[in-house]
Amino acid sequence: MVVPRGAAARGEPPGPGCGTVERVPPPRRFGRRALLVGAGAAALVAAGTAEGWLPATPTAGAAEPTPEQLRDAVLSGVVPHTGLAESTGGLGLPDIPRLESASALLSTTTRIRVQVAARDRWRIDQLTPAGEIDTYRLGDTEYLWDYGGNRLTTIRGTAPVRLPRASDLAPSDLARRLLGITATEAVSALPPRRIAGYAVPGIRVVPADPAGTVGRIDVWALPGPAGTPALPMAVEIAAKGAAGPVLSTAFTSVEAAPPSGLALRPDVPPGAESVSARPGDLAGVLRGLGAPPPPDSLAGRARVELPGSDEGALPGIGVYGTGVSRFVLVPAGRDVARQIIGGAGAAGGVPIAGFAPDRAVRVATPLLGLVVVRRRGGGFLLAGTVVPDVLEAAATELVPGVRR
Amino acid sequence: MIGVELALMLRRRRVWMCWALLCALPALVAVLVSATGLAPPPGRGAAFLSAVTTNGQIFPAAALALVLPVFLPITVAVVAGDTVAGEASTGMLRYLLVRPVGRLRMLFAKLVSVAAFVLLAVAFVTVTSYVVGIAAFGFGGTTTSGGTAAVTGFGAVPSLSGPVIEPVDLLTRTLLTVGYLGLCMLTLGAIGIFFSTLTDSPLAAALGVLAVVVTSASLQPLEAAGAVEQFLPTAHWLAWIDLFRDPILYTAVDRGALVQLGWILVAFGAAWANLATKDVTS
């Protein structure tokens with residue numbers, strides 16, 4: 001820009017020798033337009049984060065329930081609902097051969113679409129940028145649609161013990177499971193939290209078992225009219241001594257209305273494969289075949305009676321403990337056990353006293369402990385939400401001649 | 001003014017070159033996958049790419065997923081970075097502003113021109129990859145479950161959830177995808193126009209846009225950046241995949257569209273605020 005200076009700038013006629021002009025940079029300042037744009041941007045950010053800073057207001061028409069009433073309301077039934085949830089796991093599990101998907105589920109963020117009509121009629125999808133894995137439940141039959149595999153698997157019956165899957169991390173399902181197995185524990189109130197646009201009251205359960213690793217279980221549930229079930233909206237699980245949750249799941253959007261019936265019916269597209277399968281066998285996954293029956297107690301903890309375990313549905317598998325302080329014994333093949341022990345070093349695995357270093361390893365995360373032992377004729381895996389000492393004691397009991 | 005800008009854009013050889021290259025990349029991938037039969041395993045590679053061998057009609061979605069992370073942003077950066085800085089670098093800007101045209105109107109015409117470029121780019125990739133997909137992989141396969149043999153047929157593809165998307169539905173979803181991705185790329189276009197008002201160098205403006213893309217993509221997986229993640233321009237680029245689920249999941253698309261609109265407003269506003277008071281010397 002050509003800027004006149006001196007007399008020309010003041011509007012006076014140029015004097016003798018004043019006919020030259022000089023280029024100078026214009027003054028840089030924040031004008032009104034820039035301030036307007038800045039204010040607009042700030043307003044947009046404020047609108048986008050309103051969910052986080054708007055004060056939570058009580059749900060209209062619903063009386064504030066006591067913590068015990070809220071827990072009972074969650075356990076009393078299922079509220080039909082559809083929504084989108086996100087779970088975040090920070091368990092930091094090592095890569096375990098054949099169990100990678102379960103490890104990833106508990107160590108990463110998972111998008112979950114939930115469509116629930118009733119306790120035995122629902123569909124829960126694990127959404128990924130590359131496809132989705134959908135689990136349908138219709139009566140006593142489960143269907144598993146895997147877009148990547150282009151396959152629909154029909155599974156009749158349910159396995160009492162199986163690997164975790166995305167449907168287990170849906171807030172409503174996880175909350176009911178956790179509150180169900182801690183029904184005898186004391187419960188306290190949490191401040192309401194804004195979730196998916198609702199102000200939702202919360203409750204906290206602090207498990208009393210000193211040998212358990214679960215420090216607290218926080219559940220936020222949306223109460224309905226008196227006498228009707230509450231809809232769990234978020235769950236957080238924290239380890240003992242930890243400030244933040246190790247596993248959390250919450251709805252990002254939810255509607256308390258049943259899904260369309262069509263959405264709950266699996267469909268096999270042309271070109272896709274349709275197969276039938278038995279409920280997942282955990283021991284089969286780890287190639288722990290031909291294992292002896294599990295002992296009635298381990299590390300001073302009684303075995304939990306599971307449906308189907310008497311009919312040989314769970315060869316060699318046992319679940320021990322009470323409440324949320326439990327661990328599972330799963331037989332594993334020698335090769336699988338060797339692979340896990342070999343790879344456990346990178347995940348912070350340490351040898352177990354009394355065992356040779358290449359025979360047994362312990363991996364302890366804040367919430368989940370894992371002990372893998374390789375022995376003649378096969379190995380086994382112990383995993384659970386108990387302190388490592390309990391798992392090591394159980395491993396010692398299972399291998400004759402080992403002393404800690 | 002808008003007509004002039006559109007005509008100018010359509011006359012530029014580099015614009016047609018960008019469109020040609022965008023269409024060529026998916027075609028090359030289709031030829032390679034078809035010739036070797038080696039599609040990425042499920043869960044790896046670009047979205048939908050593992051499924052194209054069973055149904056070529058899904059290839060447009062795979063093609064969009066292929067060009068979205070890098071090639072589409074580069075072409076948008078080149079075109080948007082040139083809008084104002086290109087005029088300035090050739091000394092045309094001051095003459096352009098001498099005409100009785102307001103600076104805001106000129107900027108808006110530039111934005112419309114960039115919008116037309118990105119929409120046509122996404123549309124061209126979609127159409128050409130549909131043709132290439134059919135030629136390379138054909139229509140859908142038949143059931144293998146022992147039931148009645150059935151072919152997906154013309155215009156129908158399986159959704160990510162399993163049920164087949166019928167032709168009219170597929171067209172609607174495709175148009176929504178084109179519109180959504182056009183909006184995402186227009187965000188980069190608006191940012192490019194803003195950078196273009198800051199400098200006389202089109203290259204510098206284009207590199208500025210790419211710097212924004214790289215920064216955004218780098219922050220996205222960072223847990224420490226969780227508070228700003230939802231506002232990053234690249235955070236919602238893959239939300240269009242939800243349009244191919246059954247039932248359609250609009251939540252992420254809606255949120256993504258709002259974020260992109262916010263970026264367009266702010267970037268265009270910043271460009272206007274800068275150019276309106278700028279000392280144009282070239």
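The values are calculated or read from the model by the stated rules, or taken from the named source; none is laboratory data. Owing to the predicted nature of the structure, the values given are computational and were not obtained by experimental measurement. So basically every Cβ, Gly included, is an ideal-geometry build from the backbone, and we count neighbours across all protein chains shown. Quick note on the areas: whole protein, heavy atoms, side chains included, nothing else; ligands and nucleic acids left out. Shrake-Rupley method; radii C 1.70, N 1.55, O 1.52, S 1.80 Å.
The figures follow:
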item	result
Hits in the range A:338-364 (condition: open to solvent by less than 60 Å² (accessible area, probe 1.4 Å) and either in contact (Cβ under 8 Å) with a residue 60 or more places away in the chain or on the phi > 0 side of the Ramachandran plot (or both))	A:Ile340, A:Gly343, A:Ala344, A:Ala347, A:Gly348, A:Gly349, A:Gly354, A:Val363
Filtered residues of the range B:121-155 (kept if within 13 Å of chain A (Cβ to nearest Cβ), modelled with pLDDT of 65 or more and buried (at least 20 other Cβ atoms within 10 Å of the Cβ))	B:Phe137
Candidates B:Ser89, B:Ser34, filtered to the one that is farther than 18 Å from B:Met185 by Cα, more than 14 Å from chain A (Cβ to nearest Cβ) and modelled with pLDDT of 85 or more	B:Ser34
Lone qualifier among A:Pro229, A:Pro269 - being within 13 Å of A:Leu70 (Cα to Cα) and either touching a strand residue (DSSP E or B) at 6+ places or on another chain (Cβ under 9 Å) or touching a residue at least 40 places away in the same chain (Cβ under 8 Å) (or both)	A:Pro229
Residue within the range B:50-58 that is farther than 17 Å from B:Met9 by Cβ, within 14 Å of chain A (Cβ to nearest Cβ) and touching a Lys or Arg at 6+ places or on another chain (Cβ under 8 Å) present	yes
One residue from A:Leu84, A:Leu70, A:Leu127, A:Leu93 being under 30 Å from A:Gly244 (Cβ atoms), out of contact with any His (no Cβ under 6 Å at 6 or more places or on another chain), of a type outside the set (S, T, N, Q) and assigned to a loop (DSSP other than H, G, I, E, B)	A:Leu93
Elements of type helices (runs of 4 or more DSSP H) in the range B:167-282, at least 1 residues being more than 12 Å from chain A (Cβ to nearest Cβ) and open to solvent by less than 30 Å² (accessible area, probe 1.4 Å)	B:167-198, B:202-219, B:251-276
Spans of helices (runs of 4 or more DSSP H) in the range B:16-113 with at least 3 residues free of Cβ contacts under 8 Å to residues at least 60 places away in the same chain	B:93-98
Residue within the range A:319-330 that is more than 29 Å from A:Ala183 (Cβ to Cβ), assigned by TED's automatic domain parsing to the domain that holds A:Val304 and not in a loop (DSSP other than H, G, I, E, B) present	no
Every residue from the range A:210-224 that is surrounded by fewer than 18 Cβ atoms within 10 Å (Cβ to Cβ), over 17 Å from the mean Cα position of the chain (by Cα) and not small (Gly, Ala, Ser)	A:Pro210
Selection from the range B:59-82 of residues that are closer than 22 Å to B:Arg14 by Cβ and either open to solvent by 10 Å² or more (accessible area, probe 1.4 Å) or among the charged types (D, E, K, R) (or both)	B:Leu66, B:Pro69, B:Val70, B:Phe71, B:Ile74, B:Thr75, B:Val78, B:Val79, B:Asp82
Any hit, the range A:240-259, residues being in a loop (DSSP other than H, G, I, E, B) and in contact with a His (Cβ under 6 Å, 6 or more places away or on another chain)	yes
Cβ pairs under 6 Å, 6+ apart, first in the range A:138-164 and within 14 Å of another protein chain (Cβ to nearest Cβ) and touching a residue at least 12 places away in the same chain (Cβ under 8 Å), second open to solvent by 20 Å² or more (accessible area, probe 1.4 Å) and among the aliphatic types (A, V, I, L, M)	A:Asp146/A:Ile133; A:Leu152/A:Val268; A:Thr153/A:Leu144; A:Thr153/A:Val275; A:Thr153/A:Ala277
All positions within the range A:232-254 that are among the β-branched types (Val, Ile, Thr) and surrounded by fewer than 22 Cβ atoms within 10 Å (Cβ to Cβ)	A:Thr252
Strands (runs of 3 or more DSSP E) wholly inside the range A:131-207 containing at least 3 residues that are open to solvent by 20 Å² or more (accessible area, probe 1.4 Å) and over 30 Å from A:Gly48 (Cα atoms)	A:131-138, A:141-146, A:151-156
Every residue from the range B:102-118 that is open to solvent by 60 Å² or more (accessible area, probe 1.4 Å) and either basic (Lys, Arg) or modelled with pLDDT of 95 or more (or both)	B:Arg103, B:Arg105
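Here is a yes/no grid of residues against (1) small (Gly, Ala, Ser); (2) under 30 Å from B:Gly56 (Cβ atoms); (3) in contact with a helix residue (DSSP H, G or I) (Cβ under 7 Å, 6 or more places away or on another chain); (4) modelled with pLDDT of 80 or more:
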position: A:Leu264; (1), (2), (3), (4): no, no, no, yes
position: A:Asp281; (1), (2), (3), (4): no, no, no, no
position: A:Arg287; (1), (2), (3), (4): no, no, yes, no
position: A:Pro295; (1), (2), (3), (4): no, no, no, yes
position: A:Arg301; (1), (2), (3), (4): no, no, no, yes
position: A:Glu305; (1), (2), (3), (4): no, no, no, yes
position: A:Val319; (1), (2), (3), (4): no, no, no, yes
position: A:Arg334; (1), (2), (3), (4): no, no, no, no
position: A:Arg338; (1), (2), (3), (4): no, no, no, yes
